[in-house]
Amino acid sequence: MRLRRKKNRDIRFERCIDLTLEPNSELKNQFYNIFDKNKATEIEIGSGKGGFITQLAKTLPENNFISVERVKDCILMGMEKAKSAGLQNIRFLCADAEILTEILPSGCADVIYINFCDPWPKSAHAKRRLTHRRMIRHYLPLLKTGGEIRFKTDNDGLFEFSLQELSDIGFELSDITFDLHSTDTFNILTEYEKRFSQMGVKIKRLVARPTDKTYQMISKL
Ligand SMILES: C[S@@+](CC[C@H](N)C(=O)[O-])C[C@H]1O[C@@H](n2cnc3c(N)ncnc32)[C@H](O)[C@@H]1O
């Protein structure tokens, strides 16, 4: 997401510093001092302006939430939403998905959300898609046994690709819909979802659970 640099960005970031996680290897050791191990932890990767995850954190106060977003001007907007709502159960990690296994403990997440990730439509760029196996290997180890990935998109091509890719690497797929808003699935809208659904675009969604085959295939990459 391209955003103009926010005015007073660094000062505003500093005001929300208690809600941030430092993207370094120390985080692995400190993780369970920050988050209660007995509570479910849900992570959104590529959370943009943070509307979805902050609303989810309000809705499910008993769970922990982590917003991962690599663009500082975007993540700041989520941080400010959480700060003004007084949320205590969410933290913000300004980092690229590619370093997540280096900085977060294995098996720390019950759910990973991928919402409206960049579709990278050219096949030469397919490996950059967050649902490509080469990207999945950077966050799959974070999932607990029995955990799941929840994926939403407006993009037909990306959805078709993701269905094929996830099933090729052994994920068990469920809750597949080509028109999420026509179902009664519990749903919090993201900023992109609001924009695309107002334009009449149908929202696609799936849930993916890894199997032994997934772990075997990913370990060979
Ligand atoms: C198209 S926007 C969608 C934002 C939000 N999820 C929504 O639905 O409104 C995709 C976001 O993912 C972020 N992103 C893309 N690749 C990423 C990566 N490898 N690691 C972390 N964030 C990433 C981008 O910076 C951008 O903010």
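Bear in mind that the values in this text are calculations on the coordinates, not laboratory data. This structure is a prediction, so every number in the text was calculated from the model and none was measured. No Cβ is skipped: glycine too gets one built from the backbone with ideal geometry, and neighbour counts run over all protein chains shown.
Using alpha-carbon pairs under 8 Å, 6+ residues apart, how would you state the relative contact order of region 144-221 in percent?
Reported relative contact order: 50 percent.
Among the listed pairs K37/K81; K28/K81; K58/K220, give every one whose C-alpha distance is greater than 32 Å. All intermediate terms of the calculation are to be shown ahead of the outcome.
Values: K37/K81 25 Å; K28/K81 26 Å; K58/K220 39 Å.
In this structure, K58/K220 exceed 32 Å between Cα atoms.
With an 8 Å Cα cut-off and a minimum separation of 6 or more residues, compute the relative contact order for the chain in percent.
Contact order relative to length: 19 percent.
With r as the distance between the Cβ atoms of K220 and T183 and R0 = 35 Å, compute the FRET efficiency 1/(1 + (r/R0)^6) and round to 0.05.
Taking R0 as 35 Å, the efficiency between T183 and K220 is 0.45.
Which of L56, L104 comes first, and how do the rest follow, when ranked by fewest Cβ neighbours within 10 Å? Could you put the intermediate results ahead of the total?
Numbers: L56 19, L104 24.
Ordered by Cβ neighbours within 10 Å, fewest first: L56, L104.
Sticking with the crude label model, points 7 Å out along Cα→Cβ, report the distance from K39 to D212 in nm, one decimal please.
3.6 nm
What ³J(HN,Hα) values, in whole Hz, does the Karplus curve 6.51 cos²θ - 1.76 cosθ + 1.60 give for region 103-110 when θ = phi - 60°, with x put for Gly and Pro?
My calculation for region 103-110 gives 10, 10, x, 4, x, 8, 10, 7 Hz in order.
Would you mind classifying region 1-119 by shape? Square roots of the alpha carbon gyration tensor eigenvalues, ordered a ≥ b ≥ c; an a/c under 1.5 is rounded, otherwise it is prolate if a/b is larger than b/c and oblate if not. All intermediate terms of the calculation are to be shown ahead of the outcome.
Working: a/c = 1.38, a/b = 1.29, b/c = 1.07.
Judged from the Cα gyration tensor, region 1-119 comes out rounded (a/c under 1.5).
For region 81-187, which trypsin sites (Lys or Arg not before Pro) are both in a DSSP coil and crowded by at most 12 other Cβ atoms within 10 Å? Intermediate results must be reported in sequence, preceding the final value.
Details: sites: K81, K83, R91, K122, K127, R128, R129, R133, R134, R137, K144, R150, K152; in loops: K122, R129.
Here the sparse-neighbourhood loop sites are K122.
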